[in-house]
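The values are calculated or read from the model by the stated rules, or taken from the named source; none is laboratory data. In this text, all values refer to a predicted model and were calculated from it rather than measured experimentally. Methodologically, a virtual Cβ is constructed for each residue, glycine included, from the backbone with ideal geometry; neighbour enumeration extends over all protein chains shown. The protein model used for the area step is the full one, side chains on, heavy atoms only, and it has no ligands, DNA or RNA in it. Shrake-Rupley method; radii C 1.70, N 1.55, O 1.52, S 1.80 Å.
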Amino acid sequence: MDFKEFQLSLSKSKPPANLSTYLQSLWYDAKGDWKQAHVLIQDIEGQTAAWIHAYLHRKEGDIGNADYWYRRADRSRPSFEFEKEWEEMVKVLL
């Protein structure tokens, strides 16, 4: 799957079956379901999950919590818009 196919899958009611949990989380986020995106990622360990977790809390507006998760991901909070970070994450994970 490439980025364009991932974007096209957003027109469906469920994510493609072969997506990793990371990509499922980002898929639900793009569909406007922050809660499901967070549920999927919140108990996964590792820097990739921490990055997604950080992004979700940044988007939620909980900057203190977001910064904690960015540190766990060994990243800095970006100054650019959410959409750009989302796209970067999806492309890295595909």
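Quick one: in the stretch 1-52, of everything that is surrounded by 11 or more Cβ atoms within 10 Å (Cβ to Cβ) and hydroxyl-bearing (Ser, Thr, Tyr), which residue is farthest from the chain's Cα centre (by Cα)?
Once the filter is applied, the top-ranked residue is SER9.
Give the residue, chosen from TYR68, TYR55, that is over 16 Å from MET1 (Cα atoms) and open to solvent by less than 70 Å² (accessible area, probe 1.4 Å).
TYR55
For TYR55, which of the numbered conditions (1) in a helix (DSSP H, G or I); (2) touching a Ser or Thr at 6+ places or on another chain (Cβ under 9 Å) fails to hold?
TYR55 satisfies all of (1) in a helix (DSSP H, G or I); (2) touching a Ser or Thr at 6+ places or on another chain (Cβ under 9 Å) except (2).
Considering only the stretch 60-83, state which residues are within 23 Å of LYS35 (Cβ to Cβ) and in a helix (DSSP H, G or I).
Selection gives GLU60, ILE63, GLY64, ASN65, ALA66, ASP67, TYR68, TRP69, TYR70, ARG72, PHE82, GLU83.
In the stretch 6-58, what residues are free of Cβ contacts under 8 Å to residues at least 12 places away in the same chain, basic (Lys, Arg) and under 20 Å from TRP69 (Cα atoms)?
LYS35
For the stretch 1-43, which fully contained helices (runs of 4 or more DSSP H) count at least 3 residues that are of a type outside the set (Lys, Arg) and farther than 23 Å from HIS57 by Cα?
3-9
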